[in-house]
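Enquirer: Quick one: the structure is below, questions incoming.
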Amino acid sequence: NLANLGIARAQARAREIATRVALGAGRGRLVPQWLLESVLLAAVAGSLAWWATTWSTQLWGAATETPYRIRDYTPNVVTLVYVFVVALGAAVVIALPPIGGLWRINVDGELKGGARGATISLRTKRLSAALVTGQMALAIALMSGAGVLGHSVWNVLSSPIGVQAPENVLIGRFELPRANYPTAESRSGFFAALRTRLAATPGIEAATVASARPTDDHEPRPVELAEQVGSLHGAPVISLEPNYF
């Protein structure tokens, strides 16, 4: 879109450029101006893209917040570099058509006004059509990929996780004060009594006690493999009672 607008803008500024060339400004000296204008335009677009990316990922993270999240979608330095490279490449693409048109301007015709109302050239029309075609092709590919990604995410969110009626599962977390329960026997006795009382509560089909939920960070314990004597490995361990599954 911006490249097409750049072509139209260059066509509208043809008389201005012809005047500057006639006054002694070399066409090569006009190239940095076009590049600077394109870079500034791409910088604004890149800043808006960075803001939109940061805002949308924060919104997505807040909307899908869960203890089981395994990915951090926060934009980082790699994302910033990617946006910078894309913006710089876009600036070059935006500037190329007007820069190419600098050498095709008819200075005499523009100054005399003969070409002021002329239509754009066939080459410019073809370039504009090629830009529109490329944009449509990229848009179709982008929308197709987004559709597949959205469908995959929906399949993941709606897939069965092996828990029947998860809305009927209630989980509570607490820690026993060491001062009141100093020994392992006292703590085991408390949990056994708690499980018995919970199981006897009307409406509860099964009750159990465990040290963590299935997807929590379990406390690592040292493990020594038989074939690797003397080499300790860490293994996550969860302490649980019957009916956990």
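Enquirer: Calculate one ³J(HN,Hα) per residue across the stretch 146-151 by plugging θ = phi - 60° into the Karplus curve 6.51 cos²θ - 1.76 cosθ + 1.60, and present them in order as whole Hz with x for glycine and proline.
Expert: Along the stretch 146-151, the couplings run 5, x, 5, 5, x, 5 Hz.
Enquirer: Which order do peptides 32-39, 177-184 fall in by mean Cβ count within 10 Å, highest first?
Expert: Ranked by mean Cβ neighbours within 10 Å, highest first: 32-39, 177-184.
Enquirer: Just flag the chymotrypsin sites (Phe, Trp or Tyr not before Pro) in the stretch 170-234 sitting in loop per DSSP whose Cβ has no more than 15 other Cβ atoms within 10 Å.
Expert: Qualifying residues, ordered by number: F174.
Enquirer: If a/c stays under 1.5 just call it rounded; otherwise compare a/b with b/c (prolate if a/b is bigger, oblate if not). Do that for the stretch 164-228, with a ≥ b ≥ c from the square roots of the Cα gyration tensor eigenvalues.
Expert: oblate
Enquirer: Listed highest first by mean packing, meaning other Cβ atoms within 10 Å per residue, what order do 221-233, 47-59 come in?
Expert: Result, highest mean Cβ count within 10 Å first: 47-59, 221-233.
Each reported figure results from applying straightforward, stated rules to the coordinates on display, with no laboratory input. None of these values were measured; they are calculated from a predicted model. As a convention, Cβ positions derive from the backbone with ideal geometry for all residues, glycine included, and neighbour counts pool all protein chains shown.
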